[in-house]
Amino acid sequence: MRKHYDFSKATKNPYAKRLKQPVTIRLDQSTVAYFKNLADETELPYQSLINLYLRDCAATGRRLALDWRPAKKGAA
């Protein structure tokens with residue numbers, strides 16, 4: 001091994017923007033089971049399937065319909 005290397009003519013990694021960031025996330029057992037079953041069918045790792053799904057949600061602007069406000073009295 002050399003003591004010093006010349007990186008002045010090196011090229012930047014074209015995939016650097018696509019590098020993955022490890023995160024810890026808590027998921028329901030049924031959610032993990034769903035993606036694991038899908039992984040068996042598609043022969044892709046379930047973590048990759050979750051990433052692909054979340055990437056698609058972000059790309060298409062998909063949002064959950066969440067309403068945390070309490071129901072109005074008298075409303076059925």
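The numbers here are math on the coordinates, done by the rules we state, and not lab data. Remember, predicted model here, so these are calculated numbers, not experimental data.
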| request: Note the angle between two axes, namely the Cα long axis of helix 29-42 and the longest principal axis of the Cα atoms of the chain, as a number of degrees from 0 to 90, rounded to the nearest 10. | output: 60 degrees
| Hey, what number do you get for the chain at 222 nm if only DSSP H runs of n ≥ 4 count, each worth -39500 (n - 2.57), divided across all residues, to the nearest 500? | -12500 deg cm²/dmol
| query | Which values of log₁₀ I(q)/I(0), to two decimal places, follow from the Debye formula for the chain at q = 0.14 Å⁻¹ with a uniform point scatterer at every Cα? | reply | -0.77
| message | Compute a Gaussian network model of the chain, connecting alpha carbons closer than 10 Å, and tell me which residue from Lys12, Lys36, Lys20 fluctuates the most. | response | Lys12
